[in-house]
Structures are given as structure tokens and as C-alpha cells.
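Colleague: Okay, here's the structure, questions in a sec.
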Amino acid sequence: QVQLVESGGGLVQAGGSLRLSCAASGSIFSINAMGWYRQTPGKQREWVAIIYSGGSTNYADSVKGRFIISRDNAKNWMYLQMNSLIPDDTAIYYCYADSVQAGRSWGLGTQETVSS
């Protein structure tokens, strides 16, 4: 019902910035919240950030003050601006969307690598 496609991942040096994008299609008007998780081999999946339909946001302590989640309602895109990147930010980043009708939907992920 909701399809999500991430983009914008890549290789960046520590201290740099990168913006991830998540394009939503399908039952987009039923989405209540969207956010990001990340996964590194050998580590537990970590929730990163969320933005609600009313515009409120929340962040994991590990990224608070460095990452900014936002949305472009006209384009139905959601973004994660990542600043002051550190090697521990290296992960596959997955966007997700929550809706009453469709439940939770996931993108396939985009690789972000931060070099020392």
C-alpha cells in the first residue's frame, strides 16, 4: 500500500554531511509518521529519527544535535540531513512509514559509509 525508496547514501569523510531522501508512493495520504532506522553488521538495529504528521520530531541520543529529519509534503519525500558525521554512523539506513490502513512499510535501504 505504501512504497518507499531511499536514496542519497554514499561515502563521506568524518566531519562531513550528507542528506538521505525517502520517496513515498501509494497510500501516502494515510501516513501518520515517517522515520529512519539504521543497521550495522554485528549491531542491533537502531532507531534514528521520526517525524509525525503534525510536524513534531524526535531523535535517538546518538544523533541528536547532528541529524535533522524533515519532509516535503508537495513531493511526498522525507529527508534525513546528517551533519558532523562520525564512523559510527556507518550503516544501512532504512526509511519507514506508519499508517492506520497500511501499518508499517519499509524501504530497502541505502548504504552510508563514513571514513576516518
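The values are calculated or read from the model by the stated rules, or taken from the named source; none is laboratory data. This structure is a prediction, so every number in the text was calculated from the model and none was measured. Please note: Cβ atoms are built from the backbone with ideal geometry, for glycine as well, and neighbour counts cover all protein chains shown. These accessible areas exclude ligands, DNA and RNA; they are computed on the full protein's heavy atoms, side chains included. Shrake-Rupley method; radii C 1.70, N 1.55, O 1.52, S 1.80 Å.
Colleague: Quick check: residue separation of residue 106 and residue 76 times 0.36 nm, minus the Cα distance between them. What number comes out in nm?
Modeller: Values: separation 30, 0.36 × 30 = 10.80 nm, distance 1.52 nm.
Taking residue 106 through residue 76 to full extension adds about 9.3 nm, to one decimal.
Colleague: Relative to the Cα centre, what is the charge dipole magnitude of the chain, using +1 at the beta carbon of each Lys and Arg, -1 at the beta carbon of each Asp and Glu, and rounding to the nearest 20 debye? Working shown, then result.
Modeller: Numbers: 9 positive and 8 negative charges, 18 e Å.
Here the size comes out at about 80 debye.
Colleague: What whole-number value in cubic angstrom gives the convex hull volume per residue for the C-alpha atoms of the chain?
Modeller: 93 Å³
Colleague: What are the radius of gyration and Dmax of the stretch 52-116, computed over its Cα atoms and given in Å?
Modeller: When restricted to Cα atoms, the stretch 52-116 yields Rg and Dmax of 13.3, 43 Å.
Colleague: Projected onto the charge dipole of the stretch 53-96 (+1 at Lys/Arg Cβ, -1 at Asp/Glu Cβ, origin at the Cα centre), which of 96, 67, 77 gives the Cα projection farthest towards the positive end?
Modeller: 77
Colleague: Still on this structure: Over all directions, what mean area does the Cα convex hull of the stretch 10-75 project, stated in square nanometres?
Modeller: 5.9 nm²
Colleague: Shifting gears a bit: Just the number, please: carbon plus sulfur as a percent of the accessible area of the chain, 1.4 Å probe, no ligands or DNA/RNA counted.
Modeller: Roughly 50 percent, rounded to a whole number.
Colleague: To the nearest 10 Å², what's residue 77's accessible area with a 1.4 Å probe?
Modeller: For residue 77, the solvent-accessible surface is approximately 100 Å².
Colleague: While we're here: Calculate, for the stretch 7-94, the solvent-accessible area per residue in square angstrom, rolling a 1.4 angstrom probe over the heavy atoms of the protein chains.
Modeller: 52 Å²
Colleague: Please state the relative contact order of the chain as a whole percent: Cα pairs under 8 Å, 6+ residues apart?
Modeller: Relative contact order here is 38 percent.
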